[in-house]
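The values are calculated or read from the model by the stated rules, or taken from the named source; none is laboratory data. In this text the structure is predicted, and so the values were computed from the model without any measurement. Note that we place each Cβ from the backbone using ideal geometry, even for glycine, and neighbour counts take in every protein chain shown.
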Amino acid sequence: MRGIVDIECAGYTGAYASLNGRRQLRYHRYIDLARAMLAVGSRYKGLGVIHMGRQELEYRIGRVFATLPYTTISGGNLFLDANYFRRDPSERRVQTYWFGMAFTKLVTENLFSIPWLQYAEELMAVGALQLYYRTGRRPDLVGPDRQGSYHVFEAKGRSGYVESGLVAYAKSQATTVRSINESPPRTTSAVIVRLFDTPISIYLEDPQFEGIEEWEIDINEMLRSYYKPFVSFLESSTRNRISIQGIDFIWDEIRLADKWMRIGVPQQTLERVDYALELAGIFSEIREEYTSIENLPASLGLDGILVWGSSDLFGKLND
């Protein structure tokens, strides 16, 4: 079952002016969030991220099992169970961060058609992002839309309250980027994810302020970094295959007792990551048709990452 998330956008102009105002999006309480947590990546300092492969994906899988039991739907609304807020704040802080990044991944995919959202720090570590005129602070996330235009986001998740000045602080970080590959970013958004609301609510604002930092991003290196954990995870698989619209996906399975989750990526992308640029357009047209596989909940992203799993893990289609 999909639940409602409230979205409010402000400050967008030009081609994105239609985003301003309120709307509702619907997400499956388990499977869509699981895919987002697997895809959005992690923060790393230094060159250590270069060596992260299967270990990184297994870490992300741990996020899924640690957070999704707290999601629930009632009255059509998607929100977090009361037990989540009874956890010690020091434990809840990291889970709140994960939820915030996952919802940012889902919303930017829907509103901006961004298949590949990654941490700027991770891209710097692998050499995919070069900075000029550093400011010492920068937005969390960056990604190109399907037309190749870049967007940057500073995302904040909160599970108790939104402190005074948080939106202004996020806006100041989002607007530090002056250009990416010699063109201004199409949007520079502050994103506030309010996990304590029912339904969960997300506020996005584009401050429209010219920054200082100049970025250069190598899209092929960015894609290699994005898919590396999945390539490492699947290279030792038994080469299980499933075909969607004539596109072959290679998948492997993670089990926890009798529960299982399958993760798949197009074979073409595994062999050459630049194929992902072409496939994103296809997935934008068909992904809403693939909310189930073998009568089990499924989620397919613009990036081609496909997740489905057992009903005792992700629920039945109508749960």
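Just one of the listed residues (22, 63, 35, 93) is out of contact with any helix residue (DSSP H, G or I) (no Cβ under 9 Å at 6 or more places or on another chain), of a type in the set (Lys, Arg) and assigned to a helix (DSSP H, G or I), and it is 93. Suppose the filter is among the hydroxyl-bearing types (Ser, Thr, Tyr), outside the structural domain of residue 233 (by TED's automatic domain parsing), more than 18 Å from the chain's Cα centre (by Cα) and part of a helix (DSSP H, G or I); does residue 84 pass it? Answer is yes for this residue. Scanning region 274-317 for residues that are among the hydroxyl-bearing types (Ser, Thr, Tyr) and outside any loop (DSSP other than H, G, I, E, B) returns 275, 284, 292, 299, 311.
Within region 108-126, is even one residue outside any helix (DSSP H, G or I), among the charged types (D, E, K, R) and at pLDDT below 95? No, because not a single residue in region 108-126 is outside any helix (DSSP H, G or I), among the charged types (D, E, K, R) and at pLDDT below 95. Restricting attention to region 143-156, does a residue exist that is among the hydroxyl-bearing types (Ser, Thr, Tyr), under 25 Å from residue 35 (Cα atoms), over 14 Å from the mean Cα position of the chain (by Cα) and part of a strand (DSSP E or B)? Yes: region 143-156 contains one or more residues that are among the hydroxyl-bearing types (Ser, Thr, Tyr), under 25 Å from residue 35 (Cα atoms), over 14 Å from the mean Cα position of the chain (by Cα) and part of a strand (DSSP E or B). Of 57, 78, 68, all but one fail to be at pLDDT below 90, surrounded by 14 or more Cβ atoms within 10 Å (Cβ to Cβ), touching a strand residue (DSSP E or B) at 6+ places or on another chain (Cβ under 9 Å) and not in a loop (DSSP other than H, G, I, E, B); the exception is 57. Would you confirm whether or not region 97-105 contains a residue that is hydrophobic (A, V, I, L, M, F, W, C), within 21 Å of residue 20 (Cβ to Cβ), surrounded by 19 or more Cβ atoms within 10 Å (Cβ to Cβ) and out of contact with any Lys or Arg (no Cβ under 7 Å at 6 or more places or on another chain)? The answer is yes; a qualifying residue exists. Considering only residues in region 170-183 that are in contact with a strand residue (DSSP E or B) (Cβ under 7 Å, 6 or more places away or on another chain) and in a loop (DSSP other than H, G, I, E, B), the one that is surrounded by the fewest Cβ atoms within 10 Å (Cβ to Cβ) turns out to be 181. In region 161-205, the residue that is farthest from residue 16 (Cα to Cα) out of those that are free of Cβ contacts under 8 Å to residues at least 40 places away in the same chain and of a type in the set (Phe, Trp, Tyr) is 161. Filtering region 75-98 to residues that are small (Gly, Ala, Ser) and in contact (Cβ under 8 Å) with a residue 40 or more places away in the chain leaves only 76. When region 1-19 is limited to residues that are part of a helix (DSSP H, G or I) and not aromatic (Phe, Trp, Tyr), the one that is farthest from residue 78 (Cα to Cα) turns out to be 14. Filtering 163, 214 for residues that are in a strand (DSSP E or B) and surrounded by fewer than 18 Cβ atoms within 10 Å (Cβ to Cβ) leaves a single hit, 214.
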